[in-house]
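A quick write-up on the structure given underneath.
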Amino acid sequence: MTSKRQINDKEKAIIMEQHGRVCFVDGVPIPDDEVVEFHHIRAFSKGGLSTVDNVAPVCRKHHRTIGTMSLQEYRDKVDLDSFFADGEPKYLNDLINAKTGNCGEPVVYEIEGDRITLYFNSSPHNLPLYECPITGWKYFYANIPIKFLENDTLFLRKQSAFLFWLNISHANRGRFYSRNGLNSNFPSK
Ligand SMILES: [Zn+2]
């Protein structure tokens with residue numbers, strides 16, 4: 001523990017109740033013959049407190065190699081190490097899928113004059129629609145949940161470096177479906 005104060009046995013019991021006898025880093029059960037160790041989730045140096053909701057069980061093996069990282073940082077590191085372990089190129093979709101198990105969900109939209117309505121999370125979001133004077137592209141600004149994001153993976157793999165660069169500006173767009181049945185990527189002319 002990198003804290004000013006060790007947690008007591010009562011607090012340890014509460015933490016075990018919350019997390020179960022599993023290592024916070026990879027979710028693997030800690031063997032019965034192994035002593036459960038404890039570590040900060042958010043680093044004490046970054047304002048993480050020695051409270052029951054900021055301390056979690058960790059196995060001895062991981063605790064020995066965690067160094068100065070918090071559990072959160074170390075878990076992200078272990079996650080990313082295994083994410084890249086197969087040596088294959090990774091794209092935004094791969095990362096979102098690995099983190100959330102879901103990406104590229106279509107957003108249904110409807111355009112009426114200079115307004116666009118997006119339908120997601122079971123409520124309509126009505127926004128102003130702008131037009132680029134150079135390209136004529138319609139565009140809008142919206143905060144959209146990450147599950148609607150997807151990258152043009154196949155497109156990017158096939159294109160030259162120059163086209164790759166050109167496409168970067170809207171490479172991370174979401175997929176949109178018009179309510180009148182026209183499917184398209186947005187922005188479109
Ligand atoms: Zn572990």
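Nothing in this text is a laboratory measurement; each read-out follows from the coordinates by a stated rule. Bear in mind that the values here come from a model prediction, so they are computed numbers and not experimental data. Positions of Cβ are backbone-derived with ideal geometry, glycine not excepted, and every protein chain shown enters the neighbour counts.
With a ≥ b ≥ c the root eigenvalues of the C-alpha gyration tensor of segment 9-83, is it rounded (a/c under 1.5), prolate (a/b larger than b/c) or oblate? Verdict is oblate for segment 9-83.
At 0.36 nm per residue, minus the direct Cα-Cα distance, what do ARG60 and ASP33 gain on full extension? Give it in nm, one decimal, please. Before the final figure, lay out the partial values.
Numbers: separation 27, 0.36 × 27 = 9.72 nm, distance 1.14 nm.
Here the answer is 8.6 nm.
Each of HIS40, HIS62 was scored by other Cβ atoms within 10 Å of its Cβ. Arranged with the fewest first, they read HIS62, HIS40. Put in line by how crowded their Cβ is, counting other Cβ atoms within 10 Å and starting with the fewest, HIS39, HIS125 read HIS125, HIS39.
Sorting TYR119, TYR74 on the 10 Å Cβ count, fewest up front, what's the list?
Going from sparsest to densest Cβ surroundings: TYR119, TYR74.
Subtract the Cα-Cα distance of THR117 and ALA98 from 0.36 nm times their separation in residues, and report this length gain in nm to one decimal.
Values: separation 19, 0.36 × 19 = 6.84 nm, distance 2.98 nm.
Working it through step by step, the gained length comes to 3.9 nm.
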